Each structure stands twice: as C-alpha cells, then as structure tokens.
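Following: one structure in structure tokens, then a few remarks.
The values are calculated or read from the model by the stated rules, or taken from the named source; none is laboratory data. Please read these numbers as outputs of a predicted model, since none were measured by experiment. Cβ sites come from the backbone with ideal geometry, for glycine too, and all protein chains shown count toward neighbours.
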Amino acid sequence: MSLDNMRDLYQQVILERYKKPRNKGKTDPADRYQKGHNPSCGDTIELTLKINGDRIEDVKFEGEGCAIAISSADLMAEALRGRTLTEAAEMVQRFQSMMKGEAEFPQEFRKLNAMRGVAQFPVRIKCANLSWHTLKAAIENSTPQPVGFVTNE
Ligand code: FES
C-alpha cells in the first residue's frame, strides 16, 4: 500500500471513530474514574474502567474533544478490554513513544497505529495523548475517586 493510501485509510479511521465512537459512556461499576484535561484547548475527558482482579473488563469515556482526541480515546478503550493493568501501562508508554515517531503497535493492536500520523503534527500530539495520559493516572490511582484533572503537559 502506498504511503498516500495509508494516510487516507488512517484519516478515514479517525473520522469514522469521531463521528460514531463505540465506547462512549460510563462503565458499571466504575472501579477507576479519572478526568483528564488538555490545557492547550480546554477539552476534557472522563475515563471509567471496570476491573476484575488485575484485568480490565470494560473501558468507557465521555467528554469533549477534537476528532483526534475522540478517535484516540475510542481506539484506546477498545484495545484495553481484556488487558491487565500492567499491560495497559506498557501500552501507555508505547503510545507515547509512537507520538515521538519512535514506535508502533504490533499486529494485535494495529488499529492503534491509525494515530501514528499525528506524530508529524506536534500541536496535535496532546490531543492524541489526552486519553492515554488520563489512563495512566487511572492505572496509578487504585480508588474509584478521581485525583482531580490530570493535564497532558
Ligand atoms: Fe482539544 Fe484536540 S483540540 S483535544
């Protein structure tokens, strides 16, 4: 597939997820709950996780954001289902490396690579990172109470 075709495909994925996100709402129960904030634009996201033992059973999000932020949150939620908290923390690191152009996800998580092109637009990286940053805080805070807004600065 040519680079242009790949770029078109990724843009399609981003727009489709933005228009029809599949993972909006709140998990029941919300074993983890975290709010994230992008100070560059004021957009926020609320992330909830349903956990069983060390495993993430469900992930949902609510909030406002641009196409990149919403599609990133939606793809993230899908990829996390069934993963352990440790695996989720590794995925946060990998995503952040991908935003620096230094990594991508293996075949199993290839849908997340739709966000790879954002690395070329430094001002949009915070949009893509918003949900992942929020997830990191949700993993680190083992109570269902948010620690306030985390920012992705
Ligand atoms: Fe606000 Fe992208 S412009 S998250």
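Can you name every residue in segment 64-85 that is part of a loop (DSSP other than H, G, I, E, B) and within 14 Å of the ligand (Cβ to nearest atom)? Of everything in segment 64-85, those that are part of a loop (DSSP other than H, G, I, E, B) and within 14 Å of the ligand (Cβ to nearest atom) turn out to be Glu64, Gly65, Cys66. How many residues are within 12 Å of the ligand (Cβ to nearest atom), hydrophobic (A, V, I, L, M, F, W, C) and farther than 14 Å from His37 by Cβ when one looks only at segment 110-140? The number of residues fulfilling the criteria is 5. Remark: Lys50 falls outside the filter, which requires a residue to be in contact (Cβ under 8 Å) with a residue 24 or more places away in the chain, more than 25 Å from Glu102 (Cβ to Cβ) and not hydroxyl-bearing (Ser, Thr, Tyr). Each residue in segment 60-69 was checked for being among the charged types (D, E, K, R), over 14 Å from Leu80 (Cα atoms) and under 13 Å from the mean Cα position of the chain (by Cα), and 1 of them qualify. For Glu78, the stated conditions do not hold, so it cannot be described as surrounded by fewer than 21 Cβ atoms within 10 Å (Cβ to Cβ), without any contact (Cβ under 8 Å) to a residue 40 or more places away in the chain and of a type in the set (Asp, Glu). Restrict the check to segment 122-141 and report whether at least one residue is closer than 21 Å to Leu47 by Cα, part of a loop (DSSP other than H, G, I, E, B) and at pLDDT below 95. Checked against the condition, which is being closer than 21 Å to Leu47 by Cα, part of a loop (DSSP other than H, G, I, E, B) and at pLDDT below 95, segment 122-141 yields at least one hit. For segment 38-59, what are the residues that are outside any strand (DSSP E or B) and under 25 Å from Gly82 (Cα atoms)? Across segment 38-59, the qualifying residues are Gly53, Asp54.
Restricting attention to segment 35-63, the residues that are surrounded by 17 or more Cβ atoms within 10 Å (Cβ to Cβ) and within 16 Å of the ligand (Cβ to nearest atom) total 11.
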